[in-house]
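The values are calculated or read from the model by the stated rules, or taken from the named source; none is laboratory data. Keep in mind it's a predicted model, so treat the numbers as computed, not measured. For neighbour counting, all protein chains shown are included, and Cβ atoms are generated from backbone atoms with ideal geometry for every residue, glycine included. For the accessible areas, the whole protein counts, side chains as well, though only heavy atoms, and no ligand, DNA or RNA atoms are used. Shrake-Rupley method; radii C 1.70, N 1.55, O 1.52, S 1.80 Å.
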Amino acid sequence: MSTEKELPTYIEQQLFYRGRKFNFDVNKLRLPNGVEGNWECIRHPGGALAVPITQDGKLVLVKQYRFAVEQRILEFPAGTLEVNEEPAITIKREIQEETGYEAKKWHYLGEFPLAPGYSDEYIYAFLAQELEKLEHPPRQDDDEDIEVILMSFEEFEQGIISGEIIDGKTIASFFIAKLFLEKNRNVS
């Protein structure tokens, strides 16, 4: 499978909006197959996510309100990359702010596009282990209304089946982490 980029030809920029967390543009493009048209894209700096696992094997999730879906959803801690910030720095800050835990052991799990049909956002996923509860966790951002939830792997999988866990980046990262753990458990 090729991961080589195939850039379109930009013919004309038609709309550009700069937002707080992302930008939005509409451009007239010529795609690599020669088709011309207007395409919209959300331009996002990317996000970092952690799959945190406690010493006793529980997953650490956050339940927070997401206005776009008008409900509180269960997710792994994550955050938007700051300008020129490495994903590992972003997630180390976010896990402390959102969960009150600090991880002593980290593994990079990989990256994947979140919604490649209309956004250039990538999620950089990490496994966070050897968690320690912080005595004085950092203050959460003003827009964060977070409840920390601990779940077993079995409870998490049941949450996916029941529809309790609906966040795509959380589900994808869980299965990447699970495969990583299974592979490394058998390598000794």
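Brief remarks on what is shown
- E12 vs. criteria assigned to a loop (DSSP other than H, G, I, E, B), over 30 Å from E147 (Cα atoms) and of a type in the set (D, E, K, R): no
- Remark: pairs (first residue in the stretch 56-69, touching a residue at least 40 places away in the same chain (Cβ under 8 Å); second residue assigned to a loop (DSSP other than H, G, I, E, B) and among the hydroxyl-bearing types (S, T, Y); Cβ separation under 8 Å; 6+ apart in sequence or on different chains) = G57/S152; K58/S152; L59/S152; V60/T54.
- Looking only at the stretch 74-114, and only at residues there that are without any contact (Cβ under 8 Å) to a residue 60 or more places away in the chain and of a type in the set (A, V, I, L, M), the one that is surrounded by the fewest Cβ atoms within 10 Å (Cβ to Cβ): V83
Let's see how each residue does on (1) of a type in the set (V, I, T); (2) closer than 18 Å to G117 by Cα; (3) surrounded by 14 or more Cβ atoms within 10 Å (Cβ to Cβ); (4) within 22 Å of the chain's Cα centre (by Cα):
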{"residue": "L7", "(1), (2), (3), (4)": "no, yes, no, no"}
{"residue": "Y10", "(1), (2), (3), (4)": "no, yes, no, no"}
{"residue": "Q13", "(1), (2), (3), (4)": "no, no, no, no"}
{"residue": "Y17", "(1), (2), (3), (4)": "no, no, no, no"}
{"residue": "K21", "(1), (2), (3), (4)": "no, no, no, yes"}
{"residue": "V26", "(1), (2), (3), (4)": "yes, yes, yes, no"}
{"residue": "R30", "(1), (2), (3), (4)": "no, yes, no, no"}
{"residue": "N38", "(1), (2), (3), (4)": "no, yes, no, no"}
{"residue": "I42", "(1), (2), (3), (4)": "yes, yes, yes, yes"}
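- Here H136 clears all of (1) more than 28 Å from R43 (Cβ to Cβ); (2) open to solvent by 30 Å² or more (accessible area, probe 1.4 Å); (3) modelled with pLDDT of 95 or more except the condition numbered (3).
- Top-ranked residue in the stretch 56-88 [being touching a strand residue (DSSP E or B) at 6+ places or on another chain (Cβ under 7 Å) and assigned to a loop (DSSP other than H, G, I, E, B); ranked as farthest from Q129 (Cα to Cα)]: L81
- Note on the stretch 17-42: among residues that are of a type in the set (D, E, K, R), in contact (Cβ under 8 Å) with a residue 24 or more places away in the chain and out of contact with any Lys or Arg (no Cβ under 9 Å at 6 or more places or on another chain), the one that is farthest from G168 (Cα to Cα) is E40.
- Subset of the stretch 151-166 that is small (G, A, S) and not in a helix (DSSP H, G or I) - its residue that is surrounded by the fewest Cβ atoms within 10 Å (Cβ to Cβ): G163
- Output for the stretch 39-69, where each listed residue is within 30 Å of G19 (Cα to Cα) and of a type in the set (K, R): R43, K63, R66
- Residue in the stretch 92-108 that is in a strand (DSSP E or B), in the same structural domain as K169 (by the TED database), touching a Gly at 6+ places or on another chain (Cβ under 6 Å) and within 19 Å of F175 (Cα to Cα) present: no
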